[in-house]
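This is the structure I have questions about; it appears just below.
The values are calculated or read from the model by the stated rules, or taken from the named source; none is laboratory data. Everything numeric in this text was worked out from a predicted model, so none of it was measured. Please note: Cβ atoms are built from the backbone with ideal geometry, for glycine as well, and neighbour counts cover all protein chains shown.
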């Protein structure tokens, strides 16, 4: 059952608290883990709105400095999703940066409009940030699946990547293409089983990544966040197995 698996996943909030404890090796490790987890999404968003690598680096360095300094010590599960907290911090940082650098004044105005609650600016920037967050989660999930394949010897990443790149292939064609990559013969029946199990594993990874950043551990909060990030379709077979998700191969 998905609920049983989810209950065994440690929430990221314990890492957040550790990251703002007294300086120690454990604190440094927790901070590094959080920067690694969320840094990709932040950089994607900054690149989309600033379109200048030097500016992206400067704002990201400011974010990292404030984080290491302990400026996030006030964040807690009771205050909501960690994604929402990070988003607010980044919006303020971009607005402050734009005020200091006239070249980026337009970005600052957009973010100030958002912070002031103007709907047209809010929609655009919210969507940009959400897309960056979603892309980062998907990237992490694919990388974890690749690592799983390396350690287990199960061709989950190979078969699912091939399926995603060539959704038009029937099972015999998919089996032939995957077999060529792996250097061995795979039957259409076996490739269907591999696709099914790879999708399950990919969903487990995504669920863990998303649940990690939530204040609540209940399934309703998890599903709401997955839907909000447009990731629910990947996880439906595990969260709602009775609805089914058969491969058309």
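Exactly one of (1) at pLDDT 80 or above; (2) closer than 22 Å to residue 226 by Cβ is unmet by residue 89. Its number?
Among (1) at pLDDT 80 or above; (2) closer than 22 Å to residue 226 by Cβ, the lone unmet condition for residue 89 is (2).
How many residues, within the range 182-217, are assigned to a loop (DSSP other than H, G, I, E, B) and more than 19 Å from the chain's Cα centre (by Cα)?
Residues meeting the conditions: 5.
Still on this structure, please answer the following. Given the criteria at pLDDT below 60 and farther than 30 Å from residue 240 by Cα, does residue 53 qualify?
Judged against the criteria, residue 53 is not a match.
Between 149, 127, 112, which is surrounded by fewer than 21 Cβ atoms within 10 Å (Cβ to Cβ) and at pLDDT 95 or above? Before you say what the answer is, go through the steps one by one.
Numbers: 127 fails: at pLDDT 95 or above; 112 fails: at pLDDT 95 or above.
It is 149.
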